[in-house]
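Asker: Just dropping this structure here.
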Amino acid sequence: MKPNPVIAESDLPTGPRGHVNTLPTLQVATEDGEVVDGVWAAGDNAQIPDLAKGEGAWCAPSAQHAVRQARLLGANMAASSRAVPSESTSTRTWARSRRSA
Ligand SMILES: Cc1cc2nc3c(=O)[nH]c(=O)nc-3n(C[C@H](O)[C@H](O)[C@H](O)COP(=O)(O)OP(=O)(O)OC[C@H]3O[C@@H](n4cnc5c(N)ncnc54)[C@H](O)[C@@H]3O)c2cc1C
């Protein structure tokens, strides 16, 4: 699925199909893995590694992923403001994600 055109107009680092390049913690990062400070992404416009599927796989554009990512994004942004390390999509289980909603 094509990302929103606003992404191409930005200077955000993108993957091969134009989605915002994002770490499993949902922090935006360059292709080399350098974090863009204070920038986060989730949902259909983000290219997020699917660690459950393994190396080279990306999260599919689905509402299930988007809702789960939104919860993680909020938790990690809040943690980052308290200098607590971010969790990744693989460390946060469904049950835990649902409890934090
Ligand atoms: C027809 C259809 C059926 C689907 N069925 C399923 C399904 O059965 N199960 C499932 O899991 N997933 C389904 N999906 C996929 C699911 O809808 C998406 O993966 C999910 O909505 C992505 O969430 P998001 O928040 O990333 O994007 P969106 O839900 O698309 O939200 C993006 C929001 O940003 C707003 N926006 C856009 N441009 C701008 C701008 N320039 N400035 C400000 N705001 C802007 C939009 O208006 C929108 O409100 C379906 C998608 C489609 C199109």
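Asker: Of ARG82, ARG68, ARG17, which has the largest mean-square fluctuation in a 10 Å C-alpha GNM of the chain?
Answerer: Highest fluctuation of the listed residues: ARG82.
Asker: What is the distance, in nm, between label points placed 7 Å from the Cα along the Cα-to-Cβ direction at ASP37 and at LYS2?
Answerer: Inter-label distance under the simple model: 3.6 nm.
Asker: Which shape class applies to region 5-99: rounded if a/c is under 1.5, otherwise prolate when a/b exceeds b/c and oblate if not, where a ≥ b ≥ c are the square roots of the Cα gyration tensor eigenvalues? Display every interim value, and only then the final one.
Answerer: Details: a/c = 1.64, a/b = 1.24, b/c = 1.32.
Because a/c hits 1.5 or more and a/b fails to exceed b/c, region 5-99 counts as oblate.
Asker: Could I ask something else about it? At a 10 Å Cβ-Cβ cut-off, how would you order TRP40, TRP58, fewest neighbours first?
Answerer: Numbers: TRP40 21, TRP58 16.
So the ranking, lowest neighbour count to highest, is TRP58, TRP40.
Asker: Using the Cα centre as the reference, give the magnitude of the dipole from point charges on the C-beta atoms of the chain (Lys, Arg: +1; Asp, Glu: -1; all else neutral), rounded to the nearest 20 debye. Kindly include the intermediate steps, with their values, before the conclusion.
Answerer: On the way: 10 positive and 10 negative charges, 152 e Å.
The dipole of the chain has a size of about 740 debye.
Asker: Among ALA29, ASN4, ALA70, whose Cα projects farthest towards the positive end of the dipole of the chain, with charges put on the beta-carbon of Lys, Arg (+1) and Asp, Glu (-1)?
Answerer: Most positive-ward Cα: ALA70.
Asker: Mind checking the angle between helix 63-81 and the chain's longest principal axis? C-alpha axes, 0 to 90 degrees, to the nearest 10.
Answerer: 70
Asker: Take every Cα pair under 8 Å in the chain that's 6+ residues apart, average their separations, divide by the length, and report that relative contact order as a whole percent.
Answerer: Values: 154 pairs, mean separation 21.7, N = 101.
For the chain, the relative contact order is 21 percent.
Asker: While we're looking at this one, here's another question. For ASN21, list long-range residues whose amide hydrogen, built 1.01 Å from N in the peptide plane, is under 5 Å from its own amide hydrogen.
Answerer: THR14, GLY15, ALA29, GLN47
Asker: What residues qualify as long-range amide H neighbours of CYS59, i.e. H under 5 Å apart, gap of 5 or more or another chain, H built at 1.01 Å from N?
Answerer: Distant-sequence amide H within range of CYS59: ILE48, ASP50.
Asker: So, one more: Where the centre of each part is set by its Cα atoms, how far does region 59-74 sit from region 1-31, in angstrom?
Answerer: First find each Cα centre; the distance between them is then 15 Å.
Asker: Then there is this: Connecting C-alpha atoms closer than 10 Å in a GNM of the chain, tell me which of GLN64, GLN27, GLN47 has the biggest fluctuation.
Answerer: Among GLN64, GLN27, GLN47, the largest mean-square fluctuation in the Gaussian network model of the chain belongs to GLN64.
Every number in this text was worked out from the coordinates using simple rules, so none of it is lab data. Please read all numbers here as calculations on a predicted model, not as lab measurements. Reconstructed Cβ throughout: ideal geometry from the backbone, glycine too, with neighbour counts over all protein chains shown.
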